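Reading through the structure tokens given below for one structure.
The values are calculated or read from the model by the stated rules, or taken from the named source; none is laboratory data. Remember, predicted model here, so these are calculated numbers, not experimental data. Every residue, glycine among them, receives a Cβ derived from its backbone with ideal geometry; neighbour counts consider all protein chains shown.
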Amino acid sequence: MLALERVARLGNVTRSAEELNTSQSAVSRHLRQLEADLGVTIVAPSGRGIALTAAGQAYAREVSEALVKLREAGARATADAFELTIACTHEVSHLILMPRYADLKKALGQGAHIRISTCEYQAIPAMIDAGADIVFEYRLARPRQLSTAIAAEEIVPVAAPGFLENNRARLERTPDAWHGITRLALTKANSGWATWEDWFAAQGIDVPADVPKAPQPMFDNYVYALEAATRGDGLVLAWRGFADRYLRTGQLVPVRPDWLVCGPTLYAVATANGRANGLVRTCLKALSRPFRPV
């Protein structure tokens, strides 16, 4: 069929043989074998060469289309073998995966394609159904599936150095005396994200009755809350593993020394689809390398 496709396209046995890296006699032999298999004459002598018969031309068109589909299928199969789909929230994508993207590419090989699909946390099950290989989930206990822990939930209030300096007198007092200090917060339902109320309660302060009232600008996205804090807009809760880059660079500094350990842990979890993907274990191993300590 390859011999027929070349002869039909090039109109010349010699050039067809060159493209197929074989001899003219081999091409002719393949054509004769094809005629024997079909029971139809597909080539006929024409001057010093050969030409396709009407039946040969019709068959060659079908063969050409079939070969194109086979090549496309092969390309897709090859691409799938070197493709990895990760489903996660925007926060995980921007704060966890982006800083490690070069390391992931190096671990998986430059030929691998990493596809990162971002969604709201509540949509993760739908992403699993859509064929994601790895998803990021908050769990109280380690999943039974193939997985790796990314970050235990530990939080601490942080602020930009300028904001801390301007409010140092009040912030150095106990939290129940933080009168009127702006606290940046998230609008998200609690699905792994602690709230200011959780943090104050851990300090032994009843919430909300005894907590001094303060403006509390709300953000749909944790990245935006962190960026607002770097501009000096207020305090924000820093999550270990998420805010590390801001703390390492000094854009944000802890207001208090102690990190509050909460319940959930963020895991990268291999889906049923992912467990059949040879890249998943390598990716999870690369993700398991700890962040540089703050």
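Observations
- Every listed requirement among (1) more than 18 Å from VAL92 (Cα to Cα); (2) modelled with pLDDT under 90; (3) out of contact with any Gly (no Cβ under 7 Å at 6 or more places or on another chain) is met by PRO212 save one, (3).
- Conditions (1) within 15 Å of ALA87 (Cα to Cα); (2) surrounded by fewer than 13 Cβ atoms within 10 Å (Cβ to Cβ); number of the one not met by ILE134: (2)
- Looking only at the range 271-294, and only at residues there that are among the β-branched types (Val, Ile, Thr) and at pLDDT 90 or above, the one that is surrounded by the fewest Cβ atoms within 10 Å (Cβ to Cβ): THR282
- If the condition is being in a loop (DSSP other than H, G, I, E, B) and either without any contact (Cβ under 8 Å) to a residue 60 or more places away in the chain or of a type in the set (A, V, I, L, M) (or both), then the range 258-278 contributes only ALA272.
- Yes/no for ARG281 being farther than 30 Å from GLN216 by Cα and either assigned to a strand (DSSP E or B) or within 25 Å of the chain's Cα centre (by Cα) (or both): yes
- Meets criteria (on the phi > 0 side of the Ramachandran plot, more than 23 Å from the chain's Cα centre (by Cα) and modelled with pLDDT of 90 or more) for GLY250: yes
- Set ILE181, ILE116: member being surrounded by 15 or more Cβ atoms within 10 Å (Cβ to Cβ) and in contact (Cβ under 8 Å) with a residue 40 or more places away in the chain: ILE181
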